[in-house]
Each structure stands twice: as structure tokens, then as C-alpha cells.
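**Student:** Take a look at the following structure, please.
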Amino acid sequence: MLKGKSGSEAVGALHVLRPSLSGHLQIARADHWFKNVFVLPGIVVGLSLDPARATWDLAVRVVGGLAAVCLVASSNYTLNELVDGPFDRHHPLKCRRPVPSGRVSIPLGYAQWIVLMVAGVSLSLFISTAFAMTMLALWVMGCVYNIPPLRTKDLPYLDVLTEAVNNPLRMLAGWFIVGPAVVPTASLLVSYWMVGCYFMALKRYAEYGDLGDAARAGAYRRSFAFYTPERLLVSIGFYASASMLFFGAFIVRYRLELILSFPLVALVMAMYLGLALRKDSPVQRPEGLYREPRLMVAVVGCALVMGILLFADVPVLHQIFAPSTIMRGATGMAPSGATQWTETR
């Protein structure tokens, strides 16, 4: 019916559609629930500190916890669809989404947003208070990202930074599902945040490139009025560097074995960058990345190696990377002819 029509003509045609149950189900974006896989590292790292918690009770907590995360995430997705409806009309593909095409009742949509949040937070209370507070924080960040006057989605750099905060919040969710006595270190959480920024900035870069027209890009997403391909690439370099620097700080202090995973982590990040540089890049639609078999093999391989290294000790690594200092002579100068090193324990 819409083949061959322009974006504005397509929107006009789609507006004759009526609100429907399928439209309301679509804005909850159940197909995006796979992103909650970012909860799993928190579970695995928490178990590496306290393996005794690996019980059937934990399995029940994991199922309930993931269900709560999915409900809160769907609440945020619902809000995103409702608030972004007017802007999506300026996008050649997103203009066909349920809200701009008229398949969602706006009042019922906002009721759906609240009901999903209440259901998710209520379920999370059965896990723990800390987990419930994390879920509430996840929901609040969705409000900060979408709702004026803050609406950080419209602000360059803050759009990426605030949306990627969901990454460390998901890690905390996994951590609190396990419930170890300690909390994750700041270096690990910041690294997880920055790698989320890296992926999100690449999505922005791919979106900007495919829109092509700066005016259309700015109408679709206000932050694009500031962005340029060069500015986005510089920010991508910053996020990649920061994520690996903080990950390295965590490894050196707490789990040196993970240094062996560095090449695989770098490979995944490089492959993702390669995908972002494609025309009509799949990184614009992360829910469809499972269709990229090479990337999926690299991600699964990297995750398996990191999971093993969290539990398997490699003593020789601690000898190779042991801290050392220069041995100085009585005069305070290093001995002539050669530099001698001694390990400090």
C-alpha cells in the first residue's frame, strides 16, 4: 500500500489506522528484551566471589529478576515510543512505528507505561530491596532520558552518557540477584558504562550517516543538529579508550587472569565498528544483531573465555606481571652497564 510513497505521504496514509492491541504490545518492545543479557555479567562476577550461592534458589531469583528487568525496560520503551512519536514522523522508516502511524491510544499508552513500571518494581521487591532500588533507578533514568525539561536525549553527548547508564545498572541488577556481601568496584562499573557509550555512539554515527541530510537529521533527533561525523568519531574513540582503561584498572587490582581476554574484547569492539561503517548498518537496530553470525561467534567466544577466567587461576600471570622497581646503587644511580630489576611483593 505504501510502496513508492515518500516519508510524509506514508505517515499521512498510516494515520488512518486505529489503536490496536498489537500496537500497544509493539511499543513494549519485547523483541528488545535480549539487551538484558547485560545483566548476566553481574551474575557471573557475583558468583565468582561467592560460588556457594549457586543453588536452585538462585535459579528462581534469576528468572524472577530477569522478568522484573524486562518489565521495567518495557515501561521505558513504552515511554520512549510515546514521547518520540512526533519526531519519528521525520524518519523514513520509524514513521511507520505504532505511535506515529496511529495504532496506539496515547492515554492508554501512558497507563501502560505506569503499569509496567509498578509490576516490575513490585516483582523486584521479592529479590531484595537493593535490587528493587536498582530497578527504580533504571526507570528514573528512562524518565530523565525521555521527558522534558531534562530530556537528555536531545542533548549532545549527554544523550549517549545517560542512555548508557543502563549498562552499569543492569550489571548491578545481576549482582544483587546473586547478593554477595560486597558491591562491584567503581572501575568495573565505569568500564561497563563506557563500553555502553561506545556501542550507543556507534549507533548514533550509523543513524546520522544513513539520514544523510543534516536538516532531516536535526528534525528527527535534536542532538543531531550539533553532531557531525567527525565529532561522533572522536567521541567513539574516547569511549573505547576509557572503557578499556577502566577495565584494565579492574583487572590489575582484582582479577589479573582476565588480561588474557583483552584480544577477544578488542576483536568484538573492532567488529562492531566495522558493522557501524556499513550502509544501512545493523547497529541501528541492535535487536537484529543476532543475524550477524561472525559477531555472535566472537561475542559468545569472548563471554565464555571471560567466564572461565573469572574462576580459573593462572599463577604464571602473576609472576609475569608482578610489580617491579629499579634497584639502585649506593650513589642513588642505577648500576652501570645494565638495569637490574627486583620484584616487590
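The values are calculated or read from the model by the stated rules, or taken from the named source; none is laboratory data. Keep in mind it's a predicted model, so treat the numbers as computed, not measured. Virtual Cβ from ideal backbone geometry, glycine too; neighbours counted across all protein chains shown.
**Student:** So, in segment 219-230, how many residues would count as being modelled with pLDDT of 90 or more and either surrounded by fewer than 15 Cβ atoms within 10 Å (Cβ to Cβ) or not assigned by TED's automatic domain parsing to the domain that holds G209 (or both)?
**Tutor:** Initial filter on segment 219-230 (modelled with pLDDT of 90 or more): 226-230.
Applying the additional criterion that residues be either surrounded by fewer than 15 Cβ atoms within 10 Å (Cβ to Cβ) or not assigned by TED's automatic domain parsing to the domain that holds G209 (or both) yields 226, 228-230.
Looking only at that region, the number is 4.
**Student:** Do you know which residues across segment 116-127 are out of contact with any Ser or Thr (no Cβ under 8 Å at 6 or more places or on another chain) and of a type in the set (A, V, I, L, M, F, W, C)?
**Tutor:** V118, A119, V121, L123, L125, F126, I127
**Student:** On to the next question. So which residues in segment 221-277 are of a type in the set (S, T, Y) and without any contact (Cβ under 8 Å) to a residue 60 or more places away in the chain, if there are any at all?
**Tutor:** We begin by selecting, within segment 221-277, every residue of a type in the set (S, T, Y); these are 223, 227-228, 235, 239, 241, 243, 254, 261, 272.
T228, S241, S243, S261 - these are the residues of segment 221-277 that are of a type in the set (S, T, Y) and without any contact (Cβ under 8 Å) to a residue 60 or more places away in the chain.
**Student:** Can I ask one more? Report, by residue number, each residue of segment 28-45 that is farther than 15 Å from R285 by Cα and either aliphatic (A, V, I, L, M) or assigned by TED's automatic domain parsing to the domain that holds L258 (or both).
**Tutor:** Residues satisfying the conditions are A28, V37, V39, L40, I43, V44, V45.
**Student:** Considering segment 22-35 alone, what residues qualify as being in a helix (DSSP H, G or I) and modelled with pLDDT of 90 or more?
**Tutor:** Step one: list which residues in segment 22-35 are in a helix (DSSP H, G or I), which gives 22-27, 30-35.
Matches in segment 22-35: H24, L25, Q26, I27, A30, W33.
**Student:** Also, quick follow-up: Residue by residue through segment 255-283, note down the ones that are modelled with pLDDT of 90 or more and either in the same structural domain as H32 (by TED's automatic domain parsing) or not hydrophobic (A, V, I, L, M, F, W, C) (or both).
**Tutor:** The answer is R255, E257, S261, P263, Y272, G274, R278, S281, P282.
**Student:** Within segment 232-252, identify whether any single residue is of a type outside the set (S, T, N, Q), outside any helix (DSSP H, G or I) and surrounded by fewer than 17 Cβ atoms within 10 Å (Cβ to Cβ), and answer yes or no.
**Tutor:** Initially, segment 232-252 is screened for residues of a type outside the set (S, T, N, Q), giving 232-234, 236-240, 242, 244-252.
Then drop every residue that is not outside any helix (DSSP H, G or I), which leaves none.
Within segment 232-252, none of the residues are of a type outside the set (S, T, N, Q), outside any helix (DSSP H, G or I) and surrounded by fewer than 17 Cβ atoms within 10 Å (Cβ to Cβ).
**Student:** Assess whether R89 counts as being closer than 23 Å to N36 by Cβ, modelled with pLDDT under 95 and either surrounded by 14 or more Cβ atoms within 10 Å (Cβ to Cβ) or among the small types (G, A, S) (or both). Please lay out each step first, then the result.
**Tutor:** Working: closer than 23 Å to N36 by Cβ: no; modelled with pLDDT under 95: yes; either surrounded by 14 or more Cβ atoms within 10 Å (Cβ to Cβ) or among the small types (G, A, S) (or both): yes.
No: the conditions fail for R89.
**Student:** A173: touching a residue at least 60 places away in the same chain (Cβ under 8 Å), surrounded by fewer than 16 Cβ atoms within 10 Å (Cβ to Cβ) and small (G, A, S), yes or no?
**Tutor:** Details: touching a residue at least 60 places away in the same chain (Cβ under 8 Å): yes; surrounded by fewer than 16 Cβ atoms within 10 Å (Cβ to Cβ): no; small (G, A, S): yes.
Against the criterion (touching a residue at least 60 places away in the same chain (Cβ under 8 Å), surrounded by fewer than 16 Cβ atoms within 10 Å (Cβ to Cβ) and small (G, A, S)), A173 does not qualify.
**Student:** Which fully enclosed helices (runs of 4 or more DSSP H) of segment 98-166 have 3 or more residues being in the same structural domain as S22 (by TED's automatic domain parsing) and surrounded by fewer than 16 Cβ atoms within 10 Å (Cβ to Cβ)?
**Tutor:** Values: elements: 106-124, 129-146, 158-164.
Fully inside segment 98-166 and qualifying: 106-124, 129-146.
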